[in-house]
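As structure tokens, the structure follows; a few thoughts come after it.
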Amino acid sequence: DGGITQSPKYLFRKEGQNVTLSCEQNLNHDAMYWYRQDPGQGLRLIYYSQIVNDFQKGDIAEGYSVSREKKESFPLTVTSAQKNPTAFYLCASSADRSSGNTIYFGEGSWLTVV
Amino acid sequence: GDSVTQMEGPVTLSEEAFLTINCTYTATGYPSLFWYVQYPGEGLQLLLKATKADDKGSNKGFEATYRKETTSFHLEKGSVQVSDSAVYFCALRGETSGSRLTFGEGTQLTVNP
């Protein structure tokens with residue numbers, strides 16, 4: 001089935017560690033996104049990529065890094081510089097940047113700092 | 001910049017009641033408008049969308065009409081069910097905001113039997 005796969009579903013990070021969240025899509029979409037959701041709040045954009053080998057910062061990029069080496073993959077690294085990383089992370093994709101195209105979401109990854 | 005304002009929640013209704021969740025937006029040009037639904041612990045699912053003024057999006061008994069004159073995209077359902085309990089997000093994808101979605105804060109809906 002076509003879709004967006006995020007892994008792991010649950011991840012625990014110790015202070016000072018970097019962790020990487022995986023996002024893979026088999027929809028042949030050009031554009032991919034990472035959003036952060038804090039409990040009871042809306043979604044904030046971390047990074048997005050409109051094409052392979054290119055990406056842009058969103059509203060809250062500090063303490064995060066991404067890569068887009070393949071069309072189907074857009075991993076997010078939460079670095080030790082991110083002071084409050086505990087949150088629900090959502091990966092998304094869209095056929096292209098046209099405003100009328102739907103952005104589809106994965107099932108999300110829970111990151112907890114221990 | 002683009003922004004979306006949703007009615008504050010939470011909203012609690014009895015089964016078979018009428019639902020309205022208000023959504024207004026600010027954007028330049030002609031954005032596309034979306035409603036997403038999120039069930040506990042899950043990602044977001046597209047509920048419905050509208051891409052131009054006066055379009056009506058509909059799905060699973062939910063409806064929303066793109067009103068450019070009032071910059072609104074209110075979500076309605078004539079008779080809610082317990083299974084509709086979730087968080088609902090209004091969002092826009094603008095012509096000038098790159099390819100991103102801009103979300104409202106979300107509205108928690110609880111439907112009691």
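The values are calculated or read from the model by the stated rules, or taken from the named source; none is laboratory data. No experiment lies behind these values; they were computed from the predicted model shown. Counting neighbours? That spans all protein chains shown, and the Cβs are built from the backbone with ideal geometry, glycine included.
Taking the stretch B:61-77 as the search range and keeping residues that are assigned to a loop (DSSP other than H, G, I, E, B) and free of Cβ contacts under 8 Å to residues at least 24 places away in the same chain, which one is nearest to the chain's Cα centre (by Cα)? Taking the candidates together, the pick is B:61. Applying the criterion of being part of a loop (DSSP other than H, G, I, E, B) and either on the phi > 0 side of the Ramachandran plot or modelled with pLDDT of 95 or more (or both) to the residues of the stretch B:11-32, the residue that is surrounded by the most Cβ atoms within 10 Å (Cβ to Cβ) is B:22. Exactly one residue among A:75, A:85, A:39, A:8 is in contact with a Cys (Cβ under 7 Å, 6 or more places away or on another chain) and closer than 28 Å to residue B:40 by Cβ, and that residue is A:75. Can you find a residue in the stretch B:48-60 that is closer than 23 Å to residue B:10 by Cα, surrounded by 19 or more Cβ atoms within 10 Å (Cβ to Cβ), more than 8 Å from chain A (Cβ to nearest Cβ) and touching a residue at least 40 places away in the same chain (Cβ under 8 Å)? No.
What do you reckon, is residue B:4 part of a strand (DSSP E or B), in contact with a Gly (Cβ under 6 Å, 6 or more places away or on another chain) and among the aliphatic types (A, V, I, L, M)? Taking the combined requirement at face value, the residue satisfies it. When A:44, A:36 are checked against the criterion of being within 14 Å of another protein chain (Cβ to nearest Cβ), within 12 Å of residue A:89 (Cα to Cα), part of a strand (DSSP E or B) and without any contact (Cβ under 8 Å) to a residue 40 or more places away in the chain, a single residue qualifies: A:44. Within the stretch A:61-74, residues that are among the basic types (Lys, Arg) have Cβ atoms under 8 Å from residues that are surrounded by 15 or more Cβ atoms within 10 Å (Cβ to Cβ) and not in a loop (DSSP other than H, G, I, E, B) in these pairs: A:68/A:32; A:68/A:49; A:68/A:55, counting only partners at least 6 apart in sequence or on another chain.
In this structure, does residue B:63 turn out to be surrounded by fewer than 19 Cβ atoms within 10 Å (Cβ to Cβ), touching a strand residue (DSSP E or B) at 6+ places or on another chain (Cβ under 8 Å), at pLDDT 95 or above and within 20 Å of residue A:100 (Cβ to Cβ)? So residue B:63 passes the test.
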